[in-house]
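What follows draws every value from the coordinates through simple rules; no lab data is involved. These numbers come from a predicted model, not from an experiment. In this analysis, Cβ positions are derived from the backbone assuming ideal geometry, glycine residues included, and neighbour counts consider all displayed protein chains.
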Amino acid sequence: MTGRFPEIPSTGIPSAAPSSRARLVALLAIVFSGSCGGLVGYAVTDLQCTEGCPTMAGVIGLGGATLAAVGAGIVAVLALRAMAEWRTGSRQQVARDHHPVD
């Protein structure tokens, strides 16, 4: 399908997206906080229940895991966006320094 769309030449502009390592760290932080939230929810419910109610403790644990993971996900997305904005701003500053306006 070479005739249908013209080839767009690569301009070599670096991406402002966060690195793969930063995204991996964010994913691990979300998983870790979800696990901690689930364990805390389960443990607190299990300690409060005197007759041993594992179903309710499990449900509360899943709820805690969900809340903690969503909260950490929001923080991770905001941090990754801030990293991308900072990287874009620093690249613009470098471009301005190398190409002064007459």
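Structural remarks
- Integer Hz, Karplus 6.51/-1.76/1.60 couplings in order for segment 42-59, x for Gly and Pro: 5, 5, 5, 5, 5, 5, 7, 8, 7, 9, x, 10, x, 5, 5, 5, x, 5
- Packing around the peptides 48-60, 32-44, taken as the average count of other Cβ atoms within 10 Å per residue, puts them in this order, highest first: 32-44, 48-60.
- Inter-label distance, nm, simple model (7 Å from Cα along the C-beta direction), Ala84/Asp46: 4.0 nm
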